[in-house]
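FYI, it's all coordinate maths here, none of it is from the lab. The shown structure was predicted, so the numbers you read here are calculated from the model rather than taken from an experiment. For neighbour counting, all protein chains shown are included, and Cβ atoms are generated from backbone atoms with ideal geometry for every residue, glycine included.
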Amino acid sequence: MSKATIVLEVLRYRPEQEQEPTFQIYESEYREDWVVLDAINHIKDHIDGTLSYRWSCRMGVCGSCGMMINGEPKLSCATFLRDYYPDPIRVEPLANFPIERDLVIVMDDFMEKLTSVKPWILREHEKPISEGEYRQTPAELARYKQFSMCINCMLCYSACPVYALDPQFTGPAAIALAHRYNLDSRDQGRSWREQVLSTEEGIWACTYVGTCTVVCPVDVDPAGAIQQAKLSTTTDWFRDVLMPWKGR
Amino acid sequence: MRRFERPVPTLWWLKRRAYFLFILRELTAVFIAVYLILFLILLYQLSLGRQAYETYLGFLATPGMIVFHVVALVAALYHTVTWFGLLPNIIVVRFGEYRVPSKLIAGANYVPWIAVSALIVLILTRG
Ligand code: SF4
Ligand code: FES
């Protein structure tokens, strides 16, 4: 019996030889336990070694294998062929990002936005090591844990029409991570981050379409994080105006 | 190296059900705004005296106006219900590690809404 196969229509872009991306049809081996990334790896190894794409962990941890699969932003290592078989699958680079080559997108904009919110613990004064670690209760951990699960896969940016129309928008994951550190009991950078976030290009650009949350592979709920950030920024503002002596 | 930027289609909001429902929710605001303008005019006519007020009431009773108000009511209900559904993601109530379930937060909004609506109906029907 001949091996089962599945058709993949892959968007290709080779800047040195073409002006615009074009679809290329590949017929990959099909196995029931294969994910889209397996089929693409099969193509790369056995059919066309020139196909470029990013991947690393193939287990939903590294966040590097995001692609548009039949128009949906998905991790290609977590999307099974059997959910589409025997229909062909259309594979494109993540939407809303420029294409560098084939399925590889230019992610500089995301990296800049991510660093712009300083997603690490900010302290006014570091305490000396001799005073021990910054301790945290399970309740304090629970406040931000969900937002700390982000794997920087950028699927949320691909799903966000606000980012598509206004590339200046800080975007879902960067804001969710800023919110994650703002909620961390060890962090003291909240008022600094709020200055960055509380702008027309930050949280207030979000109109709460909510698709970022739908596509997030690890249930971060970036849309919820942005709205919560709007709420806490607003309450902080009122507190500063009404009770300036309170400080933060 | 030359990179390729894909244009955003004008009809992007038809690409996904969620986008379309979002646009629909935004559009409801137009109906609510027009309703409020009509209501402000009503108050203004009232200040002009009985004659003006009754003429305006006559205008509001025309079929077109009745259809508009029914549509505006549906729009307001759609906006309210979808918004209440989103609220649990915004309002997080925690007791230690315990987070109050979404259904409870969403449900808690319906109680005052129904109570206030019932009160208004009561006042209107008694007057
Ligand atoms: S928030 Fe979710 S979708 Fe967005 S980058 Fe993080 S893990 Fe990916
Ligand atoms: S390859 Fe690492 S998340 Fe898919």
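Annotations for the structure displayed:
- Within chain B, helices built from complete DSSP H runs that reach 30 Å or longer along their own axis (Cα positions) and carry a mean Kyte-Doolittle hydropathy of -1.0 or higher are B:17-48, B:63-90, B:102-126.
- Placing one equal scatterer on every Cα of segment A:75-140 and applying the Debye formula, the log10 ratio I(q)/I(0) at q = 0.21, 0.22, 0.24 Å⁻¹ is -1.00, -1.05, -1.13.
- In units of the compact-protein estimate 2.2 N^0.38 Å, segment B:20-126 shows a Cα radius of gyration of 1.43.
- DSSP beta bridge pairing in the protein assembly as shown, given as percent antiparallel to the nearest 5: 85 percent
- Dipole check for segment A:108-242: with +1 at the C-beta of Lys and Arg, -1 at the C-beta of Asp and Glu, and the Cα centre as origin, the magnitude is about 340 Debye.
- Rounded to the nearest 10 degrees, the inclination of helix A:222-242 to the longest alpha-carbon principal axis of chain A is 20 degrees.
- Pair-distance profile P(r), taking every C-alpha pair of chain A, with 10 angstrom steps and integer %: 7, 27, 28, 20, 11, 5, 1, 0
- Normalising by residue count, segment A:108-242 has a Cα convex hull of 119 Å³ per residue.
- Between 0 and 90 degrees, the angle of helix A:172-182 with respect to the longest Cα principal axis of chain A falls at about 30 degrees.
- Given R0 = 25 Å, the distance between the Cβ atoms of A:Asp48 and A:Ala4 translates into a calculated FRET efficiency of 0.80.
- Positive-end ranking of A:Leu165, B:Val100, B:Leu122 along the dipole of the protein assembly as shown, with charges on Cβ about the Cα centre, is headed by B:Leu122.
- Taking the three principal axes of the alpha carbon atoms in segment A:5-105, the coordinate ranges are 37, 27, 23 Å, sorted in descending order.
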